[in-house]
Amino acid sequence: DAEEYQPPIWKSYLYQLQQEAPRPKRIICPREVENRPKYYGREFHGIISREQADEILAGVEGAYILRESQRQPGCYTLALRFGNQTLNYRLFYDGKHFVGEKRFESIHDLVTDGLITLYIETKASEYISKMTTNPIYEHIGYATLLREKVSRRLSRTKNESRKASVTSEENTSVEKITSLVRRAALTQNDNHFNYEKAHNFKVHTFRGPHWCEYCANFMWGLIAQGVRCSDCGLNVHKQCSKYVPNDCQPDLKRIKRVYCCDLTTLVKAHNTQRPMVVDSCIREIEARGLKSEGLYRVSGFTEHIEDVKMAFDRDGDKADISASIYPDINIIAGALKLYFRDLPIPVITYDTYSKFIEAAKISNPDERLEAIHEVLMLLPAAHYETLRYLMIHLKKVTLHEKDNFMNAENLGIVFGPTLMRPPEDSTLATLNDMRYQKLIVQILIENEDVLF
């Protein structure tokens, strides 16, 4: 059970090195310096040469001063003593202090982080270069019973009462489960739509000691020590993130909304084959709107469409979009189109956009169809499935053309720019490609039984 769980053995070598790193020692200027920038303190020594800075810092490991360049007045330098030599760094300020990518609230923090990095990279450069060669990521020994328990707790396919009973546990061992263990458990659950998904890593500042969940080594430094996946919470070194497989299992607690959320992220978080917005809207439209004149062409009230969007963002698949709430089917159709327009990566992805446009330009109908089919195979699985389901629906819409006056060409005009957008935000490119966007969707509708 949970008490038997043995946490992974984190490698503490780099943590020990950080503890040994020299501490910063601010060398205060004995005189009052005129024209000292207001964002620098008494460590600013004015215009002095490198040689003078070296004399001031001599023999004091970790000592630092700030100076103004003799050759470039108005440019500032951090002079830092490390490894029995004085290192000089061009110093910048834009509300925060920085010499590289990291930005700090104070010079003291910048120097502290710099000394840690210099010390660790000096003492353990070879070790760091080999950190990723023997990762704990795949083969660490999780307790089987715990993995089963976490899977029950986190899988949305289990019954609610069992999930509630597990979630309410206060056992401290369970509380210490890392996102790595959680991810391992999720790979064992009965998710039938296990689309591949890359992690969404963002630079992150960890409070307190943190270890990389890929290589098990300490994440050194004061700030921005590594990256965190904003979808599943996996914490790794920036260099380790290049080796992590595309096995992100998004955590519903991290997915704050439905609209404007990456398509694959949404379906994996909700454990569905397609975005629930697509299923719900299409189900409602097919139940009561296939014969509605101008379906998808006629706009519903913008305020009501926004209401539907907020309902999905708030309630997910429990959102009520029935006729009793929204009698005008054009509101539901508008909400579906808005979902596709709001996707950060369109259903027909930026990577495949130009290939679809080139395929549409082929004059021979059979060759064109073959080319489109080949590009369809390049779509991510969740995007392909969503497009396939939508085209089956739009084919049904065309079967009621006598009533709704919407054929495949008309639907192509509506859905072309909704489903595919050029990678570069160019109005000219969009205008030039509009007829091909329309043609692509028209062909997908007319040939959905062959292409999918």
### Task
Assess whether Ile357 counts as being in contact with a helix residue (DSSP H, G or I) (Cβ under 6 Å, 6 or more places away or on another chain), within 16 Å of Gln437 (Cα to Cα), open to solvent by less than 70 Å² (accessible area, probe 1.4 Å) and not in a helix (DSSP H, G or I).
no
### Query
Are any residues in the stretch 193-206 open to solvent by 60 Å² or more (accessible area, probe 1.4 Å) and either outside any loop (DSSP other than H, G, I, E, B) or at pLDDT 90 or above (or both), and if so, which ones?
Lys202, Val203
### Task
Look at Tyr296 and say whether it is over 19 Å from Lys395 (Cβ atoms) and among the hydroxyl-bearing types (Ser, Thr, Tyr).
no
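Here's the yes/no breakdown for (1) of a type in the set (Gly, Ala, Ser); (2) open to solvent by 10 Å² or more (accessible area, probe 1.4 Å); (3) in the same structural domain as Ile329 (by the TED database); (4) within 13 Å of Arg297 (Cα to Cα):
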| site | (1), (2), (3), (4) |
| --- | --- |
| Val397 | no, no, yes, yes |
| Asn407 | no, yes, yes, yes |
| Phe415 | no, no, yes, yes |
| Leu419 | no, no, yes, no |
| Glu424 | no, yes, yes, no |
| Thr427 | no, yes, yes, no |
| Met434 | no, yes, yes, no |
| Gln442 | no, yes, yes, no |
| Asn447 | no, yes, yes, no |
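Okay, residues lined up against (1) at pLDDT below 95; (2) of a type in the set (A, V, I, L, M); (3) part of a helix (DSSP H, G or I):
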site: Arg368; (1), (2), (3): no, no, yes
site: Met391; (1), (2), (3): no, yes, yes
site: Asn410; (1), (2), (3): no, no, yes
site: Ile413; (1), (2), (3): no, yes, yes
site: Thr430; (1), (2), (3): yes, no, yes
site: Ile445; (1), (2), (3): no, yes, yes
### Message
Six or more apart or on different chains, Cβ atoms under 7 Å: show the pairs whose first residue is in the stretch 111-132 and in the same structural domain as Glu101 (by the TED database) and assigned to a helix (DSSP H, G or I) and whose second is charged (D, E, K, R) and buried (at least 17 other Cβ atoms within 10 Å of the Cβ).
### Response
Asp113/Lys102
### Query
Can you find even one residue in the stretch 362-369 that is in contact (Cβ under 8 Å) with a residue 12 or more places away in the chain and within 27 Å of Ala287 (Cβ to Cβ)?
no
### Query
Just one of Gln85, Gln52 is more than 14 Å from Leu222 (Cβ to Cβ) and exposed (fewer than 13 other Cβ atoms within 10 Å of the Cβ); which is it?
Gln85
### Task
For the stretch 200-234, enumerate the residues that are at positive phi and within 18 Å of the chain's Cα centre (by Cα).
Ala224, Gly233
### Query
Could you say whether any residue in the stretch 241-248 is in contact with a strand residue (DSSP E or B) (Cβ under 7 Å, 6 or more places away or on another chain), in contact (Cβ under 8 Å) with a residue 60 or more places away in the chain and open to solvent by 10 Å² or more (accessible area, probe 1.4 Å)?
yes
### Lone qualifier among Arg81, Arg71, Arg26 - being out of contact with any Cys (no Cβ under 8 Å at 6 or more places or on another chain) and at pLDDT below 95
Arg71
### Message
The conditions are (1) in contact with a Lys or Arg (Cβ under 9 Å, 6 or more places away or on another chain); (2) β-branched (Val, Ile, Thr); (3) more than 19 Å from Gly221 (Cα to Cα), and Ile107 fails exactly one of them. Which is it?
### Response
(3)
### Summary
Looking across the stretch 93-126 at residues that are basic (Lys, Arg) and more than 19 Å from Gln19 (Cα to Cα), the single one that is most open to solvent (accessible area, probe 1.4 Å) is Arg103
### Hey, Ile305 modelled with pLDDT of 95 or more, buried (at least 18 other Cβ atoms within 10 Å of the Cβ) and part of a loop (DSSP other than H, G, I, E, B) or not
no
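The values are calculated or read from the model by the stated rules, or taken from the named source; none is laboratory data. A quick note: this is a predicted structure, and the numbers were derived from the prediction, not measured. Here the Cβ is made from the backbone with ideal geometry for all residues, glycine too, and neighbour counts use every protein chain on show. Note: areas computed on protein heavy atoms with side chains; ligands, DNA, RNA excluded. Shrake-Rupley method; radii C 1.70, N 1.55, O 1.52, S 1.80 Å.
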